[in-house]
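Notes follow once the structure below has been shown.
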Amino acid sequence: MPVPSYTWNVDADGDWSTPGDWSPAGPPSSGSDVTIDTTDLHTITFGASSGFLSIDSLTVGDDILELTGGSLTVASGASIGNGLRIDGAGTYDVAGDDGIAAGGNGSPLLTNLGTLAKTAGSGISHVAVDVADDGTISVASGNLRFDGASNSFEGTYIGPGMIDYGFGSTDTLWYVDMVDGACSTNFGTVNQIRPVTMSTTTTITNVATATWDLADDVSLALAAPGGSPLFTNHGLFDKTGGFGISTVAAPFTSDGEIVVLSGSIEFTGGFTNTGIVGGVLSQSGGVTTITANTGPVTYEGTEAGFAGKALAFLYFGDELIFTDASLASFAYTWTSTTLNYGSGDHLTLYKDPFVGHFSVSADPTSGVDLTLARENPALQDFTSGGTSDLLWRNDNGDTGTWEIGSGLKTGGTSLGSISSAWTIAGTDDFNFDHVSDLLFRNTNTGDVATWEMQNGLKIGSTDLGIVPLNWQILGVGDFNGVGTGGILWRNNSNNDIGTWEVQNGLKTGGTDLGTVASDMHIVGVGDFNGDGASDLLFRSSATGDLSTWELQIGAKLAATDLGVVPLAWHIEGVGDFNGDGTSDLLWRNDNGDVGIWELTNGQKSSGTDLGVVSNAWHIVGVGDYYDNGTTDILWHNDNGDTGIWQIKNGVKVGGTDLGVVPTSWHVVGTHFDFV
């Protein structure tokens, strides 16, 4: 027996129960196929007078079907081109496993202020349109899966069937009461903005490809004690909003990733973790608390706990702690976004493009620490070869580079002659292509410009404008931690300090850091606290006092006094000489003695004397010339000879002589004050 078909036949608003508005005359009968598709946008109302109707299929074109009462059951699926609205007294039942498809050419929306139900079918009913829910979602059997690109939920969910969140791009949970049943997620993101209440029988599963985000100080609460509620996390469970406490009252088990970037999460119903924790974990009185790190994030887990995971957040200064690893036997390699370690295990690091290097050390408590440190293009890598190169300039204006590999000269490139009015004020990666560029300043006009470099050659130039000559460029660095170089300025008239942020080769902003005393000189730039942003090193020419300004997002965050050092000692360079991911200090005495201060978390942790060197030899630069993750020392003799000291773990382990060059050639180094 054929299924009867009904089509709305008037180009106007109307009521479902009006017989003459249908072809053939209606209203549609039970088990029929129904089509509503007028030439203009109209609203067709299904009210209480339509009663409880079960049809086979429903197609709505560019119109809106509004359920103000009664109950409409669709057994074989629906297609919505514009809108389906369920008001307070209305009920829409998807019945079987065919769901609601998106039709038409627009962005269809299902608005639920009444009841959206699935009463039959043991499989999955897909709701492929966007959903705005402030009513009741009732799933008696099977799964009701929300595939729309952007959904919001604020109402009541009743099981015992399963509701599937996060199958589109983003689902937002406002106030949701989960009365019964189960909830699962998929590859999308669930943003929880208001409290969600779980019943004593509710289970939530956050699958491996999904993210459940506590976007504010919101909680996963329990309607009543007891029962068997459970939140299982296989993916990413994070807190990115609010500075207070979010409470998870249900038992919580995780073999995925838990990351707290803001405030803290208290797990009061029980906590079992075999995965990764990003934050500071503490336990007291049966409550487990994970609190956001105040600086870089610490991720902690076993080798098995890290295996196969993907870290969505990883920035310079962050630490990976493998709690059951041994420094003596731990080995790793990384390529692009994959960190390989152990016996075939791997970890995916979503930092794209992935730049930097890991420093390895024994954890003070147990295990092995990997700290992500910036691959510092300011140390003159003009070919992206992974090692620092040498930049030369002749008294006649000729400029060129030496490419260095494994401590040896591997090539040389002439960059041509440059007017003596232009000084090279620094090198850094100003356009984020992971190659060092050149920064110029015109001493006659104050003009500032960059040369973009690639494969050792100039590929472009950018004029950054004229700056009054009372402003002096003192250094370059990544002051806001974005991976590109910025410019450090000092006003010689009033001792004001400021930075320029540079992105994609252009100035994007500037920050005034305030004035300093005239005897305080900037003697270096480096990441002294390991947070991925460049900090400033000051020294008093009057007292020898040494101090740092820690910067974050371009602004001064804190200051640290490192003590007074006799003025016979001078800062000659800043670099990571022991490979721990933070910058250290290179000193030289007037008598030729050379030494290193190792810094940890911005404080001096130890010192190493490297011996006395004839004053005919001058330290003209520091860089990683051997591609081993630590900073080495570049020397130049009054007779033109050039050499490198290879440094590892803070001590000299070797050296390379690069030969003699005419004394009219000079290595271009930093322009910090010499104090």
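Table for the structure above
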read-out: Enumeration of residues in region 594-642 that are among the hydrophobic types (A, V, I, L, M, F, W, C), within 19 Å of SER361 (Cβ to Cβ), out of contact with any Lys or Arg (no Cβ under 8 Å at 6 or more places or on another chain) and at pLDDT 95 or above; value: ILE596
read-out: Strands (runs of 3 or more DSSP E) completely within region 233-299 that count 1 or more residues being of a type outside the set (Asp, Glu) and touching a residue at least 60 places away in the same chain (Cβ under 8 Å); value: 236-239
read-out: Candidate set from region 500-524 (those that are of a type in the set (A, V, I, L, M) and either surrounded by fewer than 24 Cβ atoms within 10 Å (Cβ to Cβ) or modelled with pLDDT of 95 or more (or both)); member that is nearest to ARG441 (Cα to Cα); value: LEU506
read-out: Search result, residues across region 393-420 that are assigned to a loop (DSSP other than H, G, I, E, B) and more than 12 Å from LEU438 (Cβ to Cβ); value: ASP395, ASN396, GLY397, SER406, GLY407, SER419, SER420
read-out: Check on THR427, surrounded by fewer than 22 Cβ atoms within 10 Å (Cβ to Cβ) and part of a strand (DSSP E or B); value: no
read-out: Sole residue being farther than 17 Å from TYR92 by Cα and either out of contact with any Lys or Arg (no Cβ under 9 Å at 6 or more places or on another chain) or of a type in the set (Lys, Arg) (or both), chosen from TRP16, TRP22; value: TRP22
read-out: Of all residues in region 430-466 being in a strand (DSSP E or B) and among the hydroxyl-bearing types (Ser, Thr, Tyr), the one that is nearest to ILE522 (Cα to Cα); value: THR450
read-out: Per-region count, region 342-392, residues part of a loop (DSSP other than H, G, I, E, B), modelled with pLDDT of 85 or more and crowded, with 18+ Cβ neighbours inside 10 Å; value: 8
read-out: Qualifying residue in region 223-231 (condition: in a strand (DSSP E or B), crowded, with 18+ Cβ neighbours inside 10 Å and more than 23 Å from the chain's Cα centre (by Cα)); value: yes
read-out: Within region 607-640, tally of residues that are in a loop (DSSP other than H, G, I, E, B) and either in contact with an Asp or Glu (Cβ under 9 Å, 6 or more places away or on another chain) or loosely packed, with under 15 Cβ neighbours inside 10 Å (or both); value: 13
read-out: Set GLY407, GLY400: member being modelled with pLDDT under 95, assigned by TED's automatic domain parsing to the domain that holds LEU474 and closer than 24 Å to ILE619 by Cβ; value: GLY407
read-out: Qualifying residue in region 446-454 (condition: within 28 Å of LEU339 (Cβ to Cβ), modelled with pLDDT under 95 and assigned by TED's automatic domain parsing to the domain that holds GLN646); value: yes
read-out: Test: residue in region 309-320 that is in contact (Cβ under 8 Å) with a residue 12 or more places away in the chain, over 18 Å from GLY367 (Cβ atoms), acidic (Asp, Glu) and in a strand (DSSP E or B); value: no
read-out: Matching residues in region 117-135 - criterion: being more than 20 Å from GLY77 (Cα to Cα) and not charged (D, E, K, R); value: GLY135
read-out: ASP213 vs. criteria surrounded by 19 or more Cβ atoms within 10 Å (Cβ to Cβ) and either in the same structural domain as SER122 (by TED's automatic domain parsing) or part of a strand (DSSP E or B) (or both); value: yes
read-out: Any hit, region 139-162, residues being under 33 Å from the mean Cα position of the chain (by Cα), in a strand (DSSP E or B) and of a type in the set (Lys, Arg); value: yes
read-out: Cβ-Cβ under 6 Å pairs, at least 6 apart or on other chains, region 443-458 side free of Cβ contacts under 8 Å to residues at least 12 places away in the same chain, far side assigned to a strand (DSSP E or B) and surrounded by fewer than 16 Cβ atoms within 10 Å (Cβ to Cβ); value: none
read-out: Failed item, numbered, when ARG588 is tested on (1) closer than 22 Å to ASP428 by Cβ; (2) surrounded by fewer than 24 Cβ atoms within 10 Å (Cβ to Cβ); value: (1)
read-out: Given (1) over 29 Å from SER359 (Cα atoms); (2) hydrophobic (A, V, I, L, M, F, W, C); (3) touching an Asp or Glu at 6+ places or on another chain (Cβ under 8 Å), index of the condition PHE271 fails; value: (3)
read-out: Yes/no for LEU469 being more than 27 Å from the chain's Cα centre (by Cα) and assigned to a loop (DSSP other than H, G, I, E, B); value: yes
read-out: Single condition ALA292 does not satisfy, out of (1) aliphatic (A, V, I, L, M); (2) under 25 Å from the mean Cα position of the chain (by Cα); (3) within 27 Å of MET162 (Cβ to Cβ); (4) modelled with pLDDT of 90 or more; value: (3)
read-out: Matching residues, region 559-583, being free of Cβ contacts under 8 Å to residues at least 40 places away in the same chain, surrounded by fewer than 16 Cβ atoms within 10 Å (Cβ to Cβ) and not in a loop (DSSP other than H, G, I, E, B); value: ALA559, ASP561, VAL564
read-out: Selection from region 10-38 of residues that are of a type in the set (S, T, N, Q), surrounded by fewer than 15 Cβ atoms within 10 Å (Cβ to Cβ) and either outside the structural domain of ALA78 (by TED's automatic domain parsing) or within 17 Å of GLY61 (Cα to Cα) (or both); value: SER23
read-out: Residues satisfying the stated conditions in region 393-415, i.e. more than 37 Å from the chain's Cα centre (by Cα) and either acidic (Asp, Glu) or surrounded by fewer than 13 Cβ atoms within 10 Å (Cβ to Cβ) (or both); value: ASP395, ASN396, ASP398, SER414
read-out: Sole residue being touching an Asp or Glu at 6+ places or on another chain (Cβ under 8 Å) and buried (at least 16 other Cβ atoms within 10 Å of the Cβ), chosen from ILE497, ILE487; value: ILE497
read-out: Residue ID - nearest to VAL129 (Cα to Cα), chosen from residues in region 28-62 that are at pLDDT below 90 and of a type in the set (Asp, Glu); value: ASP62
read-out: Subset of region 641-655 (residues that are more than 38 Å from the chain's Cα centre (by Cα) and surrounded by 18 or more Cβ atoms within 10 Å (Cβ to Cβ)); value: THR642
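The values are calculated or read from the model by the stated rules, or taken from the named source; none is laboratory data. None of these values were measured; they are calculated from a predicted model. Here the Cβ is made from the backbone with ideal geometry for all residues, glycine too, and neighbour counts use every protein chain on show.
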